[in-house]
Amino acid sequence: MTSIGGAEMVDWKLAVATATRFVRPGPEVSREEARAVVAELRRHAATSEEHVREFTRMWPGGSGKGEAGKGEGGAGSDTPVLVVDRAGWIKANVAGFRAILGPLLEKMQDRRANVPGGAVFGAVGGKVTGVELGMLLSFLASRVLGQYETFAPPSRDLPGSAAGGGRLLLVAPNIVHVERELDVNPHDFRLWVCLHEETHRTQFTAVPWLRDHVEGEIQAFLAETDVDPATLLERIREAAQSLAGGRPPEEDGADGGGRSIVDLVQTPAQREILGRLTAVMSLLEGHADYVMDGVGPQVVPSVAEIREKFQQRRAKGAGRLDAALRRLLGLDAKLRQYRDGERFVRAVVDEVGMDGFNRVWTSPNTLPTKAEIAKPADWVTRVHGRTEQ
């Protein structure tokens, strides 16, 4: 990434240092218990891979239908599973942000180079942005149980598949924290989490075009960002005033849920792109929940108890501050993605079966639209040519 006077638009090292400093401490565990948790999560990840691929009929490098690619060690079959602590999750996500935001930041850097005093502003602004990003990640790092990290390039600290990146992260202290908070069987809960996260790894390794498609949509969204500093600051200020209560909640939407800062700084073109991205993310998250529920009863004895308690935890959050931050960051929209996406997957599988559903992975053209997520029958009609009976 280019820089002015040695200063980047974002001080990435400061972002890592800030997040690591302010992230909440994890649960107290002995060294022996920590080793046992790590070993068990690795075993469950391996077991989950087999369960998920058999249930979804999706295989590495395959078409997402039938037995394609089974046992062949196709592209993505070497995608690593990394059991990390909160600091490890932070480093992985900073690396991902740095990779995906690179083109946008270079564009902004070039714009700033032509502004008098841009070098000084860049040095200061990079540190401010680094601290802000670090604070955001410190909030999220204690909440994420697992993640399929897609975009950061492989490195010594963050290995990826030989095919070009991607790794499954399991955040051990967060998993232990939640299993204790919910008072559920820890061994069942760890396997249950692995089933969800393994589904995401399966999606990206069995559908070779998916990663590039998602990255392309994100880059298109970022390319539409208004990089004029004065305009951008004004729009962020307006968004902050709105979120701070300058407008009654009922004016923010029919459900009174409010709008996130991401919603409020979009251009019309970005809204269109975000609609497509929302549909894709709803599909991926809903598919993972559907698979988790489909496989769970066969291999997780206490799955009903876990699911009920976890859903209650999702719904209520962790207090007023947590709820405010979730609204600001758009995390409530992510919760809706789980719900809406799972309903879509369930309806389609009920209508056309698993192989019929797997036509969703044929190409970007067979992905559901945002409207089709809400009306699965429309997707069945479009892709299958008729409504199956």
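Values as computed for the structure displayed
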| read-out | value |
| --- | --- |
| Spin-label model distance (nm) - Ala371 vs Glu132, 7 Å beyond Cα toward Cβ | 3.6 |
| Label-point separation in nm, Arg271 to Glu217, each point 7 Å along Cα→Cβ | 1.8 |
| Local electrostatic count at Glu181 - Lys and Arg +1, Asp and Glu -1, tallied over other residues with Cβ under 11 Å | +1 |
| Ala17/Glu106 FRET efficiency (R0 22 Å; Cβ-Cβ; nearest 0.05) | 0.40 |
| Distance between modelled label sites at Val144 and Arg35, nm, 7 Å Cα→Cβ extension | 2.8 |
| Förster radius 30 Å - calculated FRET efficiency between Thr362 and Thr47, Cβ distance, rounded to 0.05 | 0.55 |
| Length added when fully stretched, Arg339-Val299, from 0.36 nm per residue minus Cα-Cα | 12.1 nm |
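Every number here is computed from the coordinates shown, using simple stated rules; none is lab data. A quick note: this is a predicted structure, and the numbers were derived from the prediction, not measured. We place every Cβ from the backbone using ideal geometry, glycine too, and count neighbours over all the protein chains shown.
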